[in-house]
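Following: one structure in structure tokens, then a few remarks.
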Number of protein chains: 2
Amino acid sequence: MRPSPTAEMHPQRWGDPAAATDLPESALGLVELAFGRQDRPATSGATPPASALPARLLEGLREIVGPEHVLVDDATRTLRTRGKSTPDLLRARAGDFTDAPDAVVRPDGHVEVADVLAWAHEHRVAVVPFGGGTCVTGGLAARRDGFAGLVSLDLVRMKRLLAVDEVSMTATLQPGLRGPEAEALLAAHGLTLGHYPQSYLHASIGGFAATRSSGQSSAGYGRFDAMVVGLTAATPTGSLDLGSSPANAAGPDLRQLLLGSEGAFGVITSVTVRVRRAPEVTTYEGWRWPSFDAGSDAMRTLAQAGLMPTVLRLSDESETAINLADPSSIGGADDPGCLMITGYEGTAEQVAVTRAAVSTVLEGLGGTGLGTEPGEKWSRGRFDAPYLRDALLDQGVLVETLETATFWSNRRRLHAEVREALQSSLGDGSLVLCHISHVYETGCSLYFTVAARQAEDPLAQWQAAKVAASDAMIAAGATITHHHAVGTDHKPWFAQEIGEVGVRMLRAVKAEVDPAGILNPGVLIP
Amino acid sequence: MRPSPTAEMHPQRWGDPAAATDLPESALGLVELAFGRQDRPATSGATPPASALPARLLEGLREIVGPEHVLVDDATRTLRTRGKSTPDLLRARAGDFTDAPDAVVRPDGHVEVADVLAWAHEHRVAVVPFGGGTCVTGGLAARRDGFAGLVSLDLVRMKRLLAVDEVSMTATLQPGLRGPEAEALLAAHGLTLGHYPQSYLHASIGGFAATRSSGQSSAGYGRFDAMVVGLTAATPTGSLDLGSSPANAAGPDLRQLLLGSEGAFGVITSVTVRVRRAPEVTTYEGWRWPSFDAGSDAMRTLAQAGLMPTVLRLSDESETAINLADPSSIGGADDPGCLMITGYEGTAEQVAVTRAAVSTVLEGLGGTGLGTEPGEKWSRGRFDAPYLRDALLDQGVLVETLETATFWSNRRRLHAEVREALQSSLGDGSLVLCHISHVYETGCSLYFTVAARQAEDPLAQWQAAKVAASDAMIAAGATITHHHAVGTDHKPWFAQEIGEVGVRMLRAVKAEVDPAGILNPGVLIP
């Protein structure tokens, strides 16, 4: 595991600049060969617009959280501007910080959060909850028109492990905990959450819940929303405390209405999650498949047999050949087939039993075991792709990802049509790579990475590709997002996905708990 | 498995009178010894009030579904009066059919359901969706005041298997299918749903979804709500079609807002469920535990190790001793301990592997294997308890059940306090039995059965006990219902469980999709 995250990410790049690595010379040459060379350095020294919040309003905030926790300096506001999608980075690199909040407020605890929301409701100030700032769907770019100002509600002070129940195997966590911080607190009890999305080093517990995150170990530990058994949330008009039991028949499951609500219904102030014993043994290995179809069918067989490794992922032919996560391998063998990674975590016995059973199935279906080396290599680089994106953006390469999910019988169509949409939009010389990294009995996710030579206006270039891909997803009956949430970017397709009555239901809940519409205005709700 | 269900249940009793068995003479003696003897035969010949729906309104319904599918005769309306809780039966046995609908309408398909709801919305007619009629929480006893009338929307004509996807392992079912009918259609494809609540022979697919049902094989197949990957529903103001993918991050999971909505938000017109291959092998066996605590801890160990049989249930000391499901065994050994039933379904290899692993764990924790006889006996009688209740009601014994769920660390307190509340309320000579029949990593259900000599007013007697038990559940932080839904009976405690903001959220959704409030008025929404 990497060193613990820095508290703040660079405003124009992913993560900790000290952890970033330049492209090696050999990779630079290949990138230049593939996409040409155009230096696109980031603009430096840009600042956000002056804070528009009147002093009398700031005073009210200071009374709630203490003056030292209401920040209006440019540097702090810059660091709370938008998230980390490629469009976000392109805007930041161009020096555009127009979406900066007017102030950053840092409440400590449920009561202070509730008080900030009541204050914002009274004064018609928009509030954007902020956890790790890793959003890639525009979920931090709330509308400010019609409001007296916009504040970033930073959960950075809410980093406690509130309770551990080792009989029920649950833990209650505050929302500001970053992934590694939560794991460190749990590790002191010999426990783990097992939630490792690519954003793990920076993303927060509250963000995992509010966006229905899914991690790289979802085959073994499940999605984050499946781990949540209880939560508390503050809304501008009252508080929620849900989770009387693991599951029940007491009406609709309101936890599932808060999970994925992206700060539009309330601010999640704690989550009670199912935890597991920290694994004694962790091992990752590679398998080669002759085709994406063959590997995908094998994943389906495992999922439907209830025989799941902890990590299960499969790259398509393009992604296997390119392996963007390690540019030094660009090129590769003539016919690398498709690379699958299987990972096992648990007691030595659990790992041995599951690994043997899975391996028997995979061998029987035509997979070729590659040993642990490809698995360990994947594991070492599992959180690094966003750094690589920065390096490629510097070189004038447009890099971005998008993802979806569908039922198994629709997987082949969805893969082909989204791929085709992206390729057509981005044109000759662009790369479209895909992997499956989350599987269910009835279906799977598809995660696409694209790389193309940046056009004059890379933002417009990407928007066109994104529209084409999103239209293809909805046309194929798939979801607009398996684990990146709706934000502002996905709203038009989200509305199609849930339909007019679904949209009206969400609007009704929003209007009830947030009648002034101050919570993340313009995010999620179509 | 028993013969297929009759289309209609007796209006004053459970199920098919032909399938009912009287208490054997030996049992009668013991029941008389325990509770005394008082014949309480049901009143015969009672009829419902005349239909209050004006002819001009009935004409509108007839235009939608055809005249032969609008029924107003007394016999049909009697059969759609309330559900099958003991209070429901006591009222029916006393000849009280005042809650009978004014008409029974039988639409065929989503469009006709939607048209009926639009008609009802326009004419302010209350609508009670009707599936199997097995509700035990007053969910069929809607309010009629303020409405032009009340119709029972009977889903009996919607019994099709609409689609099977053997790649994704999903099936799309219409809501009127009873449990055995759905299984028979799936069996033709070698598939099974694996959902066997005690009401299985009569309850419907739509009811399973609308009430978040959980079946006796939930350890292996999961709760019904966990099986649902998609659904369509008609509301008075539009239709819903949800389920783009097995799971996703596209906002709150609206499927989870319809599941458990008990007909208050809309009528579920189809569900797409995850299915499994029909098992090659099915075996049930018994285990003896020295105490409920020891057996319960063993269940927790299995659940937290991810090592689950298909069926896993445990009776407490009282239930083991009495074994109400088979009165001939009342008495039993001096110290029978606690009986656990484990069931295994799957391929021969799956059953052998899981059974061996589970047995090793159970033996290691102090369980004593009793072989298959107790398991097979349980399996034979698994749907029979409601018939026994009728026989006991005839003898003047009050019999009813209630259930809850909590986290493992709270299991002992909840068991003790609900038991104490029931015992105190029902007084000396009453029996309070309990079992765990649904387990999760983080907690379990508790299902109580009570028997007592009927007081002069058995309805008031039971209501007092129910209030005491429900208060105890909420005081212990548990749910008011693990798998019987809210109906009208649980509303006061449900409101406490989800809190004021939760109630407001549900009311807001209801007001949005059903502004005239015609859908199951008074049910679910506090």
Of all DSSP beta bridges having both residues in chain A, the percent classed as antiparallel (nearest 5) is 85 percent
Shielding of A:508-519 by other chains, given as the mean Cβ count within 10 Å, works out to 3
Measuring from its Cα centre, the stretch A:425-492 shows a charge dipole (+1 at each Lys and Arg Cβ, -1 at each Asp and Glu Cβ) which, in debye to the nearest 20, is 80 debye
So the FRET efficiency between B:R413 and B:E68, C-beta based with R0 = 45 Å and rounded to 0.05, is 0.20
For the pair B:A52 and A:H189, the simple spin-label estimate (label points 7 Å beyond Cα toward Cβ) gives in nm 5.5 nm
Copies of B:A294 compared via label points 7 Å along Cα→Cβ give distances in nm, shortest first, of 5.4
Of the residues B:V501, B:V136, B:S214, the Cα lying farthest along the dipole of chain B towards its positive end, which is defined by charges on the beta carbon of Lys, Arg, Asp and Glu, belongs to B:V501
Counting only DSSP loop positions in the stretch A:417-526, the GluC sites (Glu not before Pro) whose Cβ has at most 16 other Cβ atoms within 10 Å are A:E456
Residues meeting the amide H criterion for A:H438 (H placed from the backbone, H to H distance under 5 Å, 5 or more places apart or on another chain) are A:S445
Taking only the alpha-carbon positions of the protein assembly as shown as identical scatterers, the Debye log10 I(q)/I(0) at q = 0.07, 0.09 Å⁻¹ comes out as -0.63, -1.03
Along the dipole axis of the stretch A:279-382 (charges at Cβ: +1 for Lys and Arg, -1 for Asp and Glu; origin at the Cα centre), the most positive-end residue among A:T282, A:S379, A:N323 is A:T282
Output ordering of A:373-380, A:146-153 (per-residue mean of other Cβ within 10 Å, highest first) is A:146-153, A:373-380
Of the candidates A:A75, A:I64, A:V353, the farthest towards the positive dipole end of the protein assembly as shown (Lys/Arg Cβ +1, Asp/Glu Cβ -1, centred on the Cα centre) is A:I64
Inter-copy distances for A:E373, nm, shortest first, label points 7 Å along Cα→Cβ, are 6.1
The simple spin-label model distance between A:R124 and B:T301, using points 7 Å out along Cα→Cβ, in nm, is 6.4 nm
Pseudo-spin-label distance B:R157 to B:A226, built 7 Å along Cα→Cβ, given in nm, is 3.7 nm
Computed for the stretch A:161-277: size of charge dipole around the Cα centre, +1 on C-beta of each Lys and Arg, -1 on C-beta of each Asp and Glu, debye to nearest 20, value 200 debye
Here, trypsin sites (Lys or Arg not before Pro) of the stretch B:128-166 satisfying both criteria (DSSP loop; at most 16 other Cβ within 10 Å) are B:R143, B:R157, B:R160
Projected convex hull area of the stretch A:384-484, Cα atoms, direction-averaged, in nm², equals 6.3 nm²
Percent antiparallel among DSSP beta bridges confined to the stretch A:44-154, rounded to 5, stands at 20 percent
Here the tail fraction of P(r) beyond 25 Å, over all Cα-Cα pairs of the stretch B:39-154, rounds in percent to 20 percent
Cα-only Rg/Rh for the stretch B:279-383 with Kirkwood Rh rounds to 0.96
Scattering profile of the stretch B:161-277 from the Debye formula, Cα beads only, expressed as log10 I(q)/I(0) at q = 0.17, 0.19, 0.22 Å⁻¹, is -0.77, -0.97, -1.31
Calc'd 3J(HN,Hα), the stretch A:102-109, phi into Karplus 6.51 cos²θ - 1.76 cosθ + 1.60 (θ = phi - 60°), Hz, glycine/Pro = x, comes to 6, 7, 10, 10, 10, x, 10, x
For chain B, the convex hull over Cα atoms projects on average to an area in nm² of 23.1 nm²
For the protein assembly as shown, percent of DSSP beta bridges that are antiparallel (nearest 5) comes out at 85 percent
Whole-Å distance linking the alpha carbon centroid of the stretch A:331-402 with that of the stretch A:500-524 is 40 Å
Most packed first (mean Cβ within 10 Å per residue), the peptides A:33-40, A:274-281, B:516-523 order as B:516-523, A:274-281, A:33-40
Taking only Cα atoms of the stretch B:362-426, the Rg to Rh ratio with Kirkwood Rh works out at 1.07
Sorting from shortest, the nanometre distances separating the label point of B:R62 (7 Å past Cα along the line to Cβ) from those of the same residue in the other copies are 7.7
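No lab work stands behind these numbers, since they all come straight from the coordinates. Keep in mind it's a predicted model, so treat the numbers as computed, not measured. Cβ sites come from the backbone with ideal geometry, for glycine too, and all protein chains shown count toward neighbours.
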